[in-house]
Structures are given as C-alpha cells and as structure tokens.
Amino acid sequence: MPGLIESFVLLALTSAGVTGAALTIGVSLIAGAIGIGLSVGLSYLASSLFRPEPPKPEDVQVTVKSPVAPRQRHYGRVKTSGSWVFAESKNGGLHKVLALGTGELDAIEELWVDDNLVVNSGSGGLVPTAPYNNRLRLQTRLGLATETHYSHLTGNFPEWTSAHRGDGVSSIYAIQHAVAQDQISSLFPNLSNTLYRVVTRGSKVLNPSTGLTAWSDNAAAIIRDYITHSDGMRLPVSLVSTPQAAAGWLAAYNRAAEAVERKAGGTEPRYRLWGTYRFDERPADVLGRFQECCDGRIVPTPDGGVTLDIGTWEEPTVILDEDAIVGFSELARGRDILTTANTIRATYLSPTHDYQSTDADQWIDDADAALRGEIATDKQFLLAPSHGQARRLMKLAAYRANPSWVGGFQCNLKALAAFGKRFVRIRYPLFGIDEVFEVQDFRFNIGEGGILTGVSLQVISMPAAAYAWDAATEEGTAPISEDVVVDRTIPVPTGLSFGVNRITIGGQQVPVGVIQFDAPPSDALIVEGRYKRTAVSEWQVIPIGDKATEAQTGALSDGDQYEAQVRHITITGRQGAWSASQTVTVVADTTAPGVVTNVTKSGGAGTVDLGWKSPNSANYSAANIRRNTVNTEGTATLVRTEYGGPSANDTWQDTGLAAGNYYYWIKARNASGVESASVATGSVTVT
C-alpha cells in the first residue's frame with residue numbers, strides 16, 4: 001500500500017509521538033521498512049525536552065512587549081490581546097498598535113479597555129463609553145491578505161507610511177488622547193500599559209459538508225484546517241481529500257455538530273474548539289490538544305488518506321477470537337495503581353469567567369473513593385468552551401482509567417481487519433472475555449526478511465455506557481459565575497450647609513462664609529471645597545484642613561449671593577463630582593432674631609447632647625453655642641456655630657469631654673452675626 005506508507009511518513013514527520021494508534025502504526029512501519037523512524041523519534045525526543053508550555057486562555061489576554069514575540073493564530077471564539085508593534089506619543093496623546101494574530105479573523109465582537117467593555121462610534125473609532133467620553137479612539141483590522149493602513153497613524157508619524165498595512169495580521173490601534181492631569185487616573189490609570197483586548201471570532205475554516213469556507217468552531221473543521229494550513233502542520237490537502245478520507249472528515253464534522261442536551265435546557269454542539277496556538281509550539285503538541293478536547297484521533301484510510309475519528313460507540317464489525325489471537329501480554333482486570341483513578345479533575349475554557357481556564361465539577365466514583373480513598377488525575381481541556389463538553393470528556397477519561405480489562409494481544413494476519421478501527425470485539429474463552437475494546441495501539445509485527453507475520457494490539461475495554469449521556473445527572477454543577485461590577489465611582493459629600501459668620505478685622509465686622517459637611521466615608525478620600533459669587537463664573541478655593549468637617553471662605557460682600565460646593569478626591573488624585581451648590585445671601589442685618597426654644601440637654605460618657613428649636617424669625621441664620629465649666633456666661637467659650645433655617649428642630653453633640661459638670665448657653669443669630677438673648681441649659685454632668 002504505497003499511498004498508506006507515504007501518508008504515515010508525513011504524519012511521523014509532523015506529529016511523532018502524539019497521534020495515538022495511527023502514529024504507532026506509522027512509526028513501526030517506517031522503522032521496519034524504511035529505516036528513518038528512529039531518527040525522527042530521536043529528534044522529537046530532543047525537541048520535547050525544550051518545548052514551550054502551551055498557552056492557557058488567560059495567557060493570550062496579556063500585552064506582550066517583545067521584539068521577537070511568537071506569532072499566534074486563533075480558532076473559535078477567543079478573548080485576546082497582542083504584541084506591541086508601535087507605541088509613540090505626540091501632543092500629549094499616546095498612539096499604540098497591537099498585533100492580535102496571524103491570518104484573517106472573521107469578526108471582532110467586543111472591545112475591552114482594562115476591565116471596561118466599550119463601543120466605538122464608527123466616527124473614526126471614537127469611544128463614547130464612559131469614562132472615556134470620546135477621549136479614546138480604537139480602530140481594528142481583521143488581517144485581510146491585503147490590509148488598509150491606519151490613516152490616523154500615518155498622518156501623525158511620517159515614518160509609518162501607507163505601506164505599513166500589516167497584510168495578514170489582525171490588529172488594534174488605540175489613541176489615548178491628551179487629558180487633564182487630574183483625569184488621567186480615571187481614564188488611563190495604567191498609562192501606557194492600558195490593556196486592550198478583543199473578543200473575536202477566529203479563523204475561517206472549510207465546512208466539509210457544504211464545501212464553503214466560513215467561521216466555525218466545529219472541532220473536526222478546525223483540526224482539518226490546522227493539519228493542512230500553511231501556518232499549521234502543512235500536510236498536503238490531497239491527503240485529506242481521498243474519497244474515504246473526505247467521507248471520514250464529513251462523518252467527524254457531523255459527529256462534532258450533534259446537538260447534546262444541556263442540564264439548564266436547550267442543546268449545544270457536541271465538540272467545539274475555542275483557543276489559540278503559537279507558532280513556536282510543536283505541531284504535534286497543538287494537534288494533541290485539539291484531539292484531547294473532542295475525543296478524536298487521526299487515522300489512516302485504505303485509499304492512502306488520513307481522516308479524523310471522533311469517538312462514538314458502536315458495535316464493532318471486527319471480531320477477534322481464538323482463530324485470530326495467538327498470544328497475550330500484561331492482560332489484567334483494570335489498571336494498576338499508577339494509572340487508575342476514581343476522581344477526574346479538569347479545567348476548561350469558561351466564557352462566563354472572562355474566557356479563562358476554570359475548574360470543572362470533579363467526576364468522582366463515590367463508591368470506589370470510599371473503598372480505596374481518593375485517587376485523582378488531572379486533565380486539561382482548555383479548548384473546550386463549555387462545562388458540559390468538559391464533563392463528557394471527563395467521563396470518558398474515568399472509563400479509560402478504570403477499564404474492566406486492559407492488556408495486549410498478539411494476533412495473526414486475520415487482525416489486519418482491525419487496522420484503523422477504534423473498536424473491536426474480543427472473544428477469548430480462556431479468560432471468559434467477550435467485550436468491546438478500544439484500540440490504544442496497533443503495531444505490525446515484521447519478521448526476518450521484512451515479512452509481515454502478524455499484528456499486536458494494546459486495548460482497553462470500553463462499554464457503551466461510556467458514551468451514553470444524561471445531562472440532568474452527569475453534567476454536574478458548573479462553577480458559579482458572578483459578574484462583579486467594581487464600583488470606581490467617588491461618592492459625593494453629604495451634609496453640606498453654607499452660612500455666614502462675621503469676624504472682627506481692624507475693629508470692623510467682616511462677613512465670611514462657613515461651610516459644614518459630613519466626614520468622608522473613607523480615610524482614602526479628601527474633601528475639596530470652592531465658592532463664588534453666583535453672578536460670576538470664576539470659583540475660588542476654600543482651604544480645608546485634614547479630617548476637618550468645617551471650613552471658612554474669604555471675606556464676602558454684604559448684599560451679594562454666594563454659592564459653595566464640595567467634592568471628594570482620592571489619595572491617587574481621582575476626582576469625584578461636585579456636590580449641588582448651597583447658596584447664601586450676605587445681608588447687613590442689625591436686627592437680632594428671636595430666642596431659641598425647647599432647649600434640651602443630656603450628659604453621657606465624654607459627651608453632651610444638646611437640642612433646641614430655632615426661632616420663627618426670617619433672619620435666623622445659626623445658633624451660637626458657648627460652654628463653661630462654671631455657671632458664668634461671661635467667661636464661656638464659643639464651641640459651635642450650628643447653621644440652619646428658622647422654625648426647625650436642631651441638635652448638636654459635644655464630644656471628647658472630661659468627666660465633670662458643664663454649662664451651655666445657646667444664642668440665635670442672624671446672617672450678619674447679630675445675636676439674640678441667650679438661653680442657658682443649666683448644669684450637665686459628663687461621666
């Protein structure tokens with residue numbers, strides 16, 4: 001079969017050591033008949049010692065700063081960033097281009113800036129989404145064979161010309177426009193390292209059912225594309241296009257596309273692949289990842305092609321009995337302790353967890369674990385984009401880890417009928433065996449003179465139950481996904497009041513504004529204040545001390561109306577919104593308001609609580625509170641000016657007091673500082 005031999009030479013050169021049964025056949029055949037298999041195996045053994053780790057889903061979401069970063073290509077749906085290819089500032093703005101991947105993408109579905117999902121307006125890529133508000137521009141390219149250069153970039157940097165198109169490379173171009181210094185931490189807290197990511201539909205692949213090339217996440221279509229693509233394994237298309245190979249690819253495509261019920265209702269395709277491969281990986285490793293996530297393996301076809309076999313249980317057409325079996329080796333019930341497992345742990349790609357690798361619900365044989373204790377094995381299905389798909393693969397792994405029978409059989413030439421088959425039925429009365437087995441390894445036995453004398457099969461039993469699926473009882477519980485919204489808003493200060501006090505300057509009473517406000521809810525917030533005459537636009541700063549809840553303006557003019565505002569600022573400089581204005585009119589008023597009424601007092605541990613009702617006087621502005629340790633008002637100290645409106649109940653708490661007796665006097669006052677008669681509280685005891 002010259003076509004078959006040629007097929008396996010190609011497979012050995014591209015995927016030695018990975019492709020399961022088909023590879024072992026090819027390597028055995030080549031080593032026995034051609035003599036190059038050993039050198040191929042040794043070269044790949046050496047390279048495997050230094051091969052890079054495959055990228056995890058989260059690995060491709062970081063920005064890479066490297067002049068020699070490996071190229072990457074995407075399949076299915078992927079969230080990714082890329083490598084810096086240009087970064088320069090001009091007129092206070094930062095221009096940055098990231099290469100997302102090699103080859104044409106089908107579409108870019110989402111744009112992410114740091115952890116913010118944004119949209120662009122289509123008007124040159126301006127981003128209206130808060131907090132950017134058109135101070136950020138994003139443009140993308142899908143990686144067409146002949147691309148279009150970024151005109152904004154060429155217009156600002158002559159060294160980047162219209163010839164810098166980036167043909168065949170998908171990319172994103174970001175312009176962080178110049179913003180005020182006090183806004184940088186709100187818009188671009190990471191400055192030049194602002195993270196740009198996209199959710200994309202990756203490479204287009206051939207649909208073996210329709211013959212059309214379009215986006216698909218079907219596992220068979222993706223594997224066929226990879227092994228023939230110029231940036232993949234580069235096998236000739238003719239190898240997958242023989243009549244029997246093409247039929248096999250179509251069967252695999254339909255198997256992967258089968259609708260499988262979901263526990264939550266509805267269905268999903270049986271096997272999908274979402275992920276990225278890098279060009280510095282061994283093709284065999286990439287192919288191995290793809291196959292692991294769809295229970296697939298590359299197999300030869302009798303007409304000299306290769307195709308994909310995706311596992312589906314069926315009653316075998318090949319039966320090996322005593323007439324075919326001439327011997328056995330290491331035949332046993334179940335695995336030994338080094339290969340058995342009663343707990344399968346696995347990770348998969350979870351779109352609801354920001355497209356990152358996530359732990360699936362463990363597959364546990366409770367009865368066996370109770371008997372032998374937990375014996376766990378770990379699997380990675382990082383291209384499987386659903387919990388259900390991961391659990392189906394975990395179930396198969398559990399059956400393969402605990403087969404009823406495992407071992408090897410030596411057979412005569414009758415067993416050639418099992419060549420390329422996944423399942424065979426073995427009937428061996430000596431041990432009472434009559435079961436379906438999965439072929440793990442198939443070897444030709446070559447005798448002296450290069451004569452084919454028989455074959456050897458390494459097999460494990462595989463019942464139909466391994467491929468049966470009940471979503472309600474077997475899908476398990478997917479990890480909880482909570483969309484945690486980080487509230488980065490800065491609260492507006494509360495409790496703002498604005499009144500007028502008069503201080504003596506040069507023997508004259510001068511009005512000044514007094515603001516009062518609640519303490520910030522966090523020590524990380526600072527209060528900033530400002531005031532102005534309502535009739536003008538220019539604001540003036542109100543100096544506010546650390547941890548203060550009251551502050552004073554500069555001198556005001558009688559007869560004018562003023563307004564005041566406060567806001568919070570973080571210790572990193574991010575600014576919150578200003579509060580609503582509080583207004584006050586400075587009035588030269590010589591008439592004292594009425595006296596306060598309903599005065600109450602109560603002493604406590606280091607505190608005194610005072611209460612009163614302001615007079616029904618239109619010119620009432622505030623209450624002046626004086627305190628003394630003796631019952632003498634003349635030597636009492638002004639401890640509080642509490643602003644408020646007329647005919648209102650008001651309170652104030654005096655804190656930090658030593659134990660003893662205290663006396664208070666409360667006077668109503670107008671906006672010009674003219675006071676009414678005082679109302680004494682009498683003695684108050686502080687404990």
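The values are calculated or read from the model by the stated rules, or taken from the named source; none is laboratory data. These numbers come from a predicted model, not from an experiment. Glycine gets a Cβ as well: all are built from the backbone with ideal geometry, and neighbour counts include every protein chain shown. In case anyone asks, the SASA skips ligands and DNA or RNA and just uses the protein heavy atoms, side chains included. Shrake-Rupley method; radii C 1.70, N 1.55, O 1.52, S 1.80 Å.
Please list Ser386, Ser683 from largest to smallest accessible area, probe radius 1.4 Å, with all protein chains kept in place. Mind showing how you got there, number by number?
On the way: Ser386 10, Ser683 50 Å².
Heavy-atom accessible area, descending, gives Ser683, Ser386.
When the Cα positions of Tyr662, Pro351, Ala636 are compared along the charge dipole of the chain, Ala636 comes out farthest toward the positive end, with charges on each C-beta of Lys, Arg, Asp and Glu. Taken over the chain, the convex hull of the Cα atoms encloses 245 Å³ per residue. The value given for the range 530-687 is a Kirkwood hydrodynamic radius of 17.5 Å, derived from the mean inverse Cα-Cα separation. The protection proxy used here, the mean number of other Cβ atoms lying within 10 Å of each residue, ranks peptides 203-212, 133-142, 343-352 as follows, highest first: 343-352, 133-142, 203-212.
Phi-derived couplings, Karplus 6.51 cos²θ - 1.76 cosθ + 1.60 at θ = phi - 60°, listed residue by residue for the range 429-442: x, 3, 10, x, 8, 8, 9, 8, 10, 9, 7, 8, 8, 9 Hz, with x used for Gly and Pro.
Estimated at 0.36 nm per residue, the fully extended path between Phe157 and Leu212 surpasses their Cα-Cα distance by 15.7 nm. What is the list of residues in the range 293-336 whose amide nitrogen lies under 17 Å from a point 7 angstrom out from the Cα of Arg425, following Cα to Cβ? So the set is 313-325. Cα-based radius of gyration for the range 125-239, normalised by 2.2 N^0.38 Å, reads 1.46. Here the accessible area is traced with a 1.4 Å probe on the protein chains. For the chain, carbon and sulfur cover 52 percent of it.
Suppose R0 equals 41 Å; then what is the FRET efficiency for Arg234 and Asp321 from their Cβ-Cβ distance, rounded to the nearest 0.05? It would help to have the intermediate numbers written out before the result.
Values: r = 43 Å, r/R0 = 1.04.
About 0.45, to the nearest 0.05.
Summary value for the range 573-687: 33 percent relative contact order, contacts being C-alpha pairs under 8 angstrom separated by 6+ residues.
Where does the charge balance sit around Ala418 when Lys and Arg score +1, Asp and Glu -1, over other residues with C-beta under 12 Å from its C-beta? Could the numbers behind the result be given before it?
Numbers: positive: Lys414, Lys421, Arg422, Arg425, Arg443; negative: Glu438, Asp441.
Around Ala418, the surrounding residues sum to +3.
Relative contact order of the chain, please, whole-number percent, based on alpha carbon pairs below 8 angstrom and at least 6 residues apart.
Details: 1575 pairs, mean separation 67.0, N = 687.
Relative contact order here is 10 percent.
So between Thr267 and Leu250, what do we pick up on full extension, going 0.36 nm a residue minus the alpha carbon distance? Intermediate values should be presented prior to the final figure.
On the way: separation 17, 0.36 × 17 = 6.12 nm, distance 2.12 nm.
Gain in length upon complete extension: 4.0 nm.
Where both bridge residues fall in the chain, DSSP classifies roughly 95% of the beta bridges as antiparallel.
Here the Karplus curve 6.51 cos²θ - 1.76 cosθ + 1.60, taken at θ = phi - 60°, turns the phi angles of the range 300-315 into couplings of x, 10, x, 8, x, x, 10, 9, 10, 10, 9, x, 8, 6, 8, 5 Hz, with x standing for Gly and Pro. With contacts taken as Cα pairs under 8 Å at a separation of at least 6 residues, the range 555-641 carries a relative contact order of 19 percent.
Could you work out the helix-only [θ] at 222 nm for the chain, with each DSSP H run of four or more residues adding -39,500 (n - 2.57) and the total divided by the number of residues, to the nearest 500 deg cm²/dmol?
Values: 11 runs with 111 residues, N = 687.
About -5000 deg cm²/dmol.
With 0.36 nm allotted per residue and the present C-alpha distance subtracted, the Leu338-Asp434 stretch has 31.9 nm of extension available. Distance between the modelled labels on Ala107 and Thr534, one decimal in nanometres: 5.5 nm (7 Å Cα→Cβ projection).
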